[in-house]
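The values are calculated or read from the model by the stated rules, or taken from the named source; none is laboratory data. From a predicted model like this one, the values you see are computed outputs, not experimental measurements. Every residue, glycine among them, receives a Cβ derived from its backbone with ideal geometry; neighbour counts consider all protein chains shown.
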Amino acid sequence: MPETYQMDSNPVIRIERLYKEYVTDAGPVPVLKDVAVTVMPGEFIAIMGPSGSGKSTFMNILGCLDVATSGSYLLNGRDVNKQSGDELAHLRNQVIGFVFQGFNLLPRASLEDNVALPLIYSGIPRGERTARANEMLEKVGLGSYRHSRPNQISGGQQQRVAIARALVNRPKLILADEPTGNLDTHTSEEIMALFTELNQRDGITIVLVTHESDIAAHARRLVRLSDGRVVYDGLVEHAAPQHLETTT
Amino acid sequence: MIGAMLSEAWMAMGANRLRTVLTMLGMVIGVGAVILMLAVGQGAQQQVQASIASMGSNLFIILSGSTTSGGARMGGGAAPTLTLADAQAIEELPAVVAVAPSSPGTAQLVYGPNNWSTQIIGSLPSFLTVRDWKLSAGAPFTDSDVRSATRVALLGQTVTKNLFGEEDPVGKTIRIKNSPYVVLGVLAAKGQSLDGRDQDDTVLVPVTTAQRKLFGTQFAGTVRFIMAQAESDEVMPKVEKSINELLRQRHRIHEGADNDFSVRNLTAMANTAAETAQVMSLMLGAIASISLLVGGIGIMNIMLVSVTERTREIGIRMAIGARGRDILLQFLLEAIIISVIGCLIGVILGVGGAYAANKAGGMAVLVTMASIVTAFAVAATVGIFFGWYPARKASLLRPIDALRFQ
């Protein structure tokens, strides 16, 4: 646990003895084995690992999109395993902001409508939805594109829109699954600068999955997964070179 | 929330315009067919019922019967076996309300420059009671007119129109077979009979006048038919039996010999016609409902395709906080909107089609509010019913599976 964080505050994420198996025709395939990770408010964590190390699965479980086979997961002190489907939807809507590698914007909706979408499921009235969506678009520097469609802007801009959408419900936690995976180096740096700013200025906890060491370098803490197990958990600058290795 | 979902549903429908329109077409045709078929069926039913009402209620018609002449049996009405005395005797039977012996014939009517050939019925004032026929002007002839066989007449609407035009006929004198007849009154409009005859194309005169002065029968005092009205529907079988017995006795018909008259229960015949019309109406509606069902299956088909196509979109929505019921509602709303809009267009086309069938084809149609409301309710139900399964399927997707779907 990095010493920079107050130990008396409650963790955002507390995961212990987490196992995940996929059932295939050839029998159960273990993907995560005895994973334990605790995330404190305000942390910026990069999760690295080679393909098949289970980092995407881990991310989906963190994001309440998938459920673990066994183990405990407390999100904001609430036991995720005991939540109903509707309660999980509520957590995804209110507590977590998800950013995907493939942006996952609705192609037919305007940027404004895309960003406002989570607010529909929070039951926010129309006027406020529009105002907040535009505020977020301004924040990511795309205020003038509000009526454009996703296919009319660049990939980097689309990822900014996705981040604006993730932020619109003012979540405490942003989960980003290879957010720069589809972007060039320059655009990736811009996106990472945005994440850094959100973390440092707004105090939003950020967990991101990447396989690039220079992306991971923006985080303060590194969790390295290999073959479904945590093989390193500590400050990025203390990590051994092999734990920061760029993988494909 | 609903507002936002409605506009999203609208957008989703707009994204696949041709498909939406084709899906809707199924509903349009279904609802249109139901409305049109019900209109035609109910129109026919209404026509039959109007004819029945115009006929008078609980009616018997007694026809002078077949006779046997040298081994050849003649048809009904061939021999004039019924008399005014028979009519009087029938009137005295219990449960018989009114009796109208009638002698019909055809003659040319002349008034001023106009002339018109029509059916003339000689009968009693009770004819109006039996047929439940009102006068629209003037007064009926009386029993004393019958006793003295005066030359007076009541004109039907069609006759009045052809002889007098806009002129008031009451008190005027017309000529029938060159004799002057005073018009006492005008019969109210009756419309078509069950077999399509114009009931208003008729003239009523005292039966004695018809017998002695107009048509002059071979056998004095005979009439072609007698109409009798029973006091209620329940006593009809009993009355029919007693009329039969009475006439057999009066005509001195031996045990085992054929009747020389026949008694027909007009009301029973009319009710059969009404039932036939109702069955036809139901069947038309049922057949049309099948197209509504097919339209509903079309909606289900398209919604299933739509759910599969938009699985990824469902995943995205779930990832950012949509609950199962939000997804359910979204797809259900799309199905309902398609069916309700399709239904609205169907109602317009159905009502328009019924109107066109009436104007162009002269078909009797009746569009009732009930049929529109029913069609609408059925269409909305069909939309919900057939939209439910695909929407439910979408809402049960696991977020991770939906997101990974390619």
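Against the condition closer than 22 Å to A:G203 by Cβ, within 9 Å of another protein chain (Cβ to nearest Cβ), of a type in the set (A, V, I, L, M, F, W, C) and not in a loop (DSSP other than H, G, I, E, B), how does A:L91 come out, does it pass?
Details: closer than 22 Å to A:G203 by Cβ: yes; within 9 Å of another protein chain (Cβ to nearest Cβ): yes; of a type in the set (A, V, I, L, M, F, W, C): yes; not in a loop (DSSP other than H, G, I, E, B): yes.
Yes: the conditions hold for A:L91.
For A:T205, state whether it is farther than 22 Å from B:A12 by Cβ, more than 13 Å from every other protein chain (Cβ to nearest Cβ) and surrounded by fewer than 16 Cβ atoms within 10 Å (Cβ to Cβ).
Numbers: farther than 22 Å from B:A12 by Cβ: yes; more than 13 Å from every other protein chain (Cβ to nearest Cβ): yes; surrounded by fewer than 16 Cβ atoms within 10 Å (Cβ to Cβ): no.
Taking the combined requirement at face value, the residue does not satisfy it.
Only one residue in A:E112, A:E138 is in contact with a Ser or Thr (Cβ under 7 Å, 6 or more places away or on another chain), more than 10 Å from chain B (Cβ to nearest Cβ) and not in a loop (DSSP other than H, G, I, E, B), so which one is that?
Values: A:E138 fails: in contact with a Ser or Thr (Cβ under 7 Å, 6 or more places away or on another chain).
That would be A:E112, the only listed residue that is in contact with a Ser or Thr (Cβ under 7 Å, 6 or more places away or on another chain), more than 10 Å from chain B (Cβ to nearest Cβ) and not in a loop (DSSP other than H, G, I, E, B).
Return the residues of segment A:45-72 that are surrounded by 21 or more Cβ atoms within 10 Å (Cβ to Cβ) and part of a strand (DSSP E or B); say none if nothing qualifies. Selection gives A:I45, A:A46, A:I47, A:M48.
So that you can scan it fast, the table gives a plain yes or no per residue for (1) without any contact (Cβ under 8 Å) to a residue 60 or more places away in the chain; (2) under 19 Å from B:G298 (Cβ atoms):
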{"position": "B:R17", "(1), (2)": "yes, yes"}
{"position": "B:M24", "(1), (2)": "no, yes"}
{"position": "B:G30", "(1), (2)": "no, yes"}
{"position": "B:V34", "(1), (2)": "no, yes"}
{"position": "B:Q42", "(1), (2)": "no, no"}
{"position": "B:Q45", "(1), (2)": "no, no"}
{"position": "B:S51", "(1), (2)": "no, no"}
{"position": "B:M55", "(1), (2)": "no, no"}
{"position": "B:N58", "(1), (2)": "no, no"}
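What number of residues within segment A:108-147 satisfy the criterion of being buried (at least 16 other Cβ atoms within 10 Å of the Cβ) and farther than 27 Å from B:I2 by Cβ? Total satisfying the criteria: 4.
The numbered conditions (1) within 14 Å of chain A (Cβ to nearest Cβ); (2) of a type outside the set (D, E); (3) not in a helix (DSSP H, G or I) are all true for B:R325 except (3). If you go through segment B:40-58 and keep only what is in contact with a Phe, Trp or Tyr (Cβ under 9 Å, 6 or more places away or on another chain) and part of a helix (DSSP H, G or I), you end up with just B:S54.
Does A:R165 fit the bill of being crowded, with 21+ Cβ neighbours inside 10 Å, of a type in the set (K, R) and either more than 27 Å from A:D66 (Cβ to Cβ) or over 11 Å from the mean Cα position of the chain (by Cα) (or both)?
Working: crowded, with 21+ Cβ neighbours inside 10 Å: yes; of a type in the set (K, R): yes; either more than 27 Å from A:D66 (Cβ to Cβ) or over 11 Å from the mean Cα position of the chain (by Cα) (or both): yes.
Considered against the rule, which asks whether it is crowded, with 21+ Cβ neighbours inside 10 Å, of a type in the set (K, R) and either more than 27 Å from A:D66 (Cβ to Cβ) or over 11 Å from the mean Cα position of the chain (by Cα) (or both), A:R165 comes out as yes.
Taking the criterion of being part of a strand (DSSP E or B) and either at pLDDT below 85 or surrounded by fewer than 22 Cβ atoms within 10 Å (Cβ to Cβ) (or both), the residues of segment B:187-222 that qualify are B:Q192, B:D198, B:T202, B:T222. B:P237 falls short on exactly one of the conditions (1) assigned to a helix (DSSP H, G or I); (2) in the same structural domain as B:S123 (by TED's automatic domain parsing); (3) crowded, with 16+ Cβ neighbours inside 10 Å, and that condition is (3).
Would you confirm, using the coordinates I've provided, whether B:A107 is over 18 Å from B:S54 (Cα atoms), surrounded by fewer than 21 Cβ atoms within 10 Å (Cβ to Cβ), of a type outside the set (V, I, T) and in contact with a strand residue (DSSP E or B) (Cβ under 6 Å, 6 or more places away or on another chain)? Here the answer is yes, as B:A107 does meet what is asked. Residues in segment B:384-406 that are surrounded by fewer than 23 Cβ atoms within 10 Å (Cβ to Cβ), within 14 Å of chain A (Cβ to nearest Cβ) and more than 11 Å from B:I327 (Cβ to Cβ): B:R398, B:I400, B:D401, B:R404, B:F405, B:Q406. Residues that are crowded, with 22+ Cβ neighbours inside 10 Å and within 14 Å of chain A (Cβ to nearest Cβ): does segment B:334-341 have at least one? Scanning segment B:334-341 turns up at least one residue that is crowded, with 22+ Cβ neighbours inside 10 Å and within 14 Å of chain A (Cβ to nearest Cβ).
Taking the criterion of being of a type in the set (D, E, K, R) and assigned to a helix (DSSP H, G or I), the residues of segment A:192-216 that qualify are A:E197, A:R201, A:D202, A:D214. Among the residues making up segment B:153-168, those that are over 17 Å from B:S117 (Cβ atoms) and either surrounded by fewer than 19 Cβ atoms within 10 Å (Cβ to Cβ) or not assigned by TED's automatic domain parsing to the domain that holds B:L109 (or both) are B:G165, B:E166, B:E167, B:D168.
Identify all residues within segment A:64-88 that are at the interface with chain B (Cβ under 10 Å from one of its Cβ atoms) and not polar (S, T, N, Q); write none if there are none.
To start, the set of residues in segment A:64-88 that are at the interface with chain B (Cβ under 10 Å from one of its Cβ atoms) comprises A:64-67, A:84-88.
Correct list: A:C64, A:L65, A:D66, A:V67, A:G85, A:D86, A:E87, A:L88.
Of the residues making up segment A:91-107, not one is free of Cβ contacts under 8 Å to residues at least 60 places away in the same chain, within 12 Å of A:V161 (Cα to Cα) and either surrounded by 24 or more Cβ atoms within 10 Å (Cβ to Cβ) or of a type in the set (F, W, Y) (or both).
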